[in-house]
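Below is one structure, written out as structure tokens, with a few remarks after it.
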Amino acid sequence: MEKNAILERELARKNKILQERETILQEREITIQECETTIQKKNITLEEKQAAINKLATDLDAANFQLEQIRRMIYGAKRERFIPTIDAHQMKMEFEPQTLEIEQLVSKEREKIRVNYTRTKQNKKHQGRLEFPSHLPVVEIIINPTEDTTGMVCIGKEETRELAYSPAKLHVNCYIRPIFISKEDETGSQKQVIAPLDRPIPKCMASTELLAMIFANKYVFHMPLYRILQQIKQMGFDLPSSTLGSWVKLGAELLVPLFEVHRLHVFRECYQMIDESPIKVQDKNLKGTCHQGYMWVRYAPLSKSALFEYYPSRSAKDPISDLNTFTGFIQTDGYSGYTYLAAREGITHLSCWAHARRYFDKALGNDYQRASHVMKLIQVLYSVEALAREANMTSIERHALRLEKSLPVINEIGQYIYNEKSKVTPKSPIGKAFEYCSNRWISLQNYLKEGILEIDSNLVENAIRPLALGRKNYLFAGSHDAAKNIGMFYSFFATCKKHDIEPQAWLIYVIKNINNTKSSEIKNLLPQFIDKKLLA
């Protein structure tokens, strides 16, 4: 019995030890689980911190890129000319095996273009000294020798010509109209006769030529009205600023019907380029600041017509609401307000290759290998356009040339972007360039559909340049109505420029004849329709 008791006590002691060890093991397992949980939390924290670090690094790269772009805008060259800096004979390691193949293909295509089509180069010989125009008056100034020439015979003369300038002068036109009266007839009545006074703006004391000079100085040479006022004062007439403002208003009101006709004809074009540019406008409801308005610009390449229209906002709803019934081609930049055009029935939306190229130009400092590769391919597209332009091809010939030469290059660009897009950071400059093209890939190819279409929208951007120069000088428009008048004159003068018409001569003719022109024939006063012989 005593042995059994000892065994039981020993067994109980061992069970107790086992229970204590199990308790310790359980506590250790709990501790291990807690440690594992803590490690997992710390790993998650580390991942979050690493993601934050990566995001900060990406944001820093983006900020550095933006800073570099700002520095380039302020101090650098504005040109986007691309010249590869890598020596063709230098050995290099290819980033991708396919890159060398594509470059060889591009070189091959360039060689085909060079062989199949001869580019006519102009012979750039020095033209010598400029000849004076024959229509300029010649003032002869005879300079006799100071020595005594008594008894001498003049055997010839030596002529030296220079281009001279006479300061502008004001003069007063006084129209004198004799009044005639007939003798009394049998009834005692008399007839009075006087020549009609044909002045476009009867109550305006400024002549047609003076008005044309004011408008040309403001909208062609970008002079603010206060400078024009000083110019008139220097000519000898102390003109109040309010009077000058009323002249501008009256002249603008005279041309409004012609502008409406111009607007109608531009809207009827089947191919239009659209762009917008900001303009500051004084608003009496905004004290101490200016309203930010926008000048929406259309350019019709077929008739070489430009149309500027002022709208208070950048919203595309009102400026292009007329496209509800439009059928044809619309070419724009990458502004998101135009994206819905791609889905509109009857409208073929074209994007701009110059804007696409600009993204890759900005990405050269970020990823030279990829960016320069795409830019080389885009250069081939533009070389095809230059070839068609220099050969003076018809739209049918240009369309055929594009399908033969440009389409394979565009396919190469698309394939390269598709292969490389997933290998770059989306928010990096090269990633944004790939994304820009991917989102507009169909509209970037649409210029291949017709030979009348252009590869980019540079024509409408060139038409906007006078506005950009003007607002740097006159800073803002005095009112919303004044901004509309600014758009009207820029429309006329930009169209004059496209048709090689001197704006001031055109404006003088229009002001003199607009009141006497029938409504059905008023379109013949527009720069794109006028007979240039009438302006001589």
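The values are calculated or read from the model by the stated rules, or taken from the named source; none is laboratory data. Nothing here was measured: the structure is a model prediction, and the numbers come from that model. For neighbour counting, all protein chains shown are included, and Cβ atoms are generated from backbone atoms with ideal geometry for every residue, glycine included.
The set of residues in segment 246-263 being over 13 Å from Lys484 (Cβ atoms) and in contact (Cβ under 8 Å) with a residue 60 or more places away in the chain consists of Gly251, Leu254, Pro257, Leu258, Val261, His262. Looking for something touching a residue at least 24 places away in the same chain (Cβ under 8 Å) and of a type outside the set (Phe, Trp, Tyr) - is there at least one such residue anywhere in segment 233-241? Taking every residue of segment 233-241 in turn, at least one turns out to be touching a residue at least 24 places away in the same chain (Cβ under 8 Å) and of a type outside the set (Phe, Trp, Tyr). With the condition kept exactly as written, say whether any residue in segment 466-483 is in contact with a Gly (Cβ under 8 Å, 6 or more places away or on another chain), in a helix (DSSP H, G or I) and either among the basic types (Lys, Arg) or crowded, with 18+ Cβ neighbours inside 10 Å (or both). The answer is yes; a qualifying residue exists. Filter segment 341-358 down to residues that are outside any strand (DSSP E or B) and modelled with pLDDT under 90 and give me whichever is nearest to Glu420 (Cα to Cα). Per the stated criteria, the residue is Ala342.
Number of residues in segment 211-234 that are surrounded by fewer than 18 Cβ atoms within 10 Å (Cβ to Cβ) and either under 16 Å from Val510 (Cα atoms) or in contact with a Pro (Cβ under 8 Å, 6 or more places away or on another chain) (or both): the value is 1. Of all residue pairs spaced 6 or more apart or on separate chains, those with beta-carbon atoms under 8 Å, a first member in segment 280-305 that is touching a residue at least 12 places away in the same chain (Cβ under 8 Å) and more than 26 Å from Ile455 (Cβ to Cβ) and a second member that is basic (Lys, Arg) and not in a loop (DSSP other than H, G, I, E, B) are Lys280/Arg471; Cys290/Lys280; His291/Lys280; Gln292/Lys280; Gly293/Lys280.
Taking the condition farther than 28 Å from Trp353 by Cα and in contact with a Ser or Thr (Cβ under 7 Å, 6 or more places away or on another chain), does Lys512 pass? Against the criterion (farther than 28 Å from Trp353 by Cα and in contact with a Ser or Thr (Cβ under 7 Å, 6 or more places away or on another chain)), Lys512 qualifies. Looking across Phe493, Phe489, Phe529, Phe476, one residue alone is aromatic (Phe, Trp, Tyr) and modelled with pLDDT under 90. It is Phe476.
Look through Ser457, Ser479 and report the one residue that is within 30 Å of Leu250 (Cβ to Cβ), in contact (Cβ under 8 Å) with a residue 12 or more places away in the chain and touching a strand residue (DSSP E or B) at 6+ places or on another chain (Cβ under 7 Å). It is Ser479. Taking residues in segment 433-448 that are crowded, with 21+ Cβ neighbours inside 10 Å, and partners anywhere that are among the acidic types (Asp, Glu), the pairs with Cβ atoms closer than 8 Å and at least 6 places apart or on different chains are Phe434/Glu420; Tyr447/Glu454. If you go through segment 493-514 and keep only what is among the basic types (Lys, Arg) and over 19 Å from Arg298 (Cβ atoms), you end up with just Lys512.
Quick check on segment 36-51. Is at least one of its residues in a helix (DSSP H, G or I), in contact (Cβ under 8 Å) with a residue 40 or more places away in the chain and under 30 Å from Asp361 (Cα atoms)? For segment 36-51, residues in a helix (DSSP H, G or I), in contact (Cβ under 8 Å) with a residue 40 or more places away in the chain and under 30 Å from Asp361 (Cα atoms): absent. When Lys41, Lys3 are checked against the criterion of being surrounded by 10 or more Cβ atoms within 10 Å (Cβ to Cβ) and of a type outside the set (Gly, Ala, Ser), a single residue qualifies: Lys41. For segment 359-377, the set of residues classified as part of a helix (DSSP H, G or I) and of a type in the set (S, T, N, Q) consists of Gln369, Ser372, listed by residue number.
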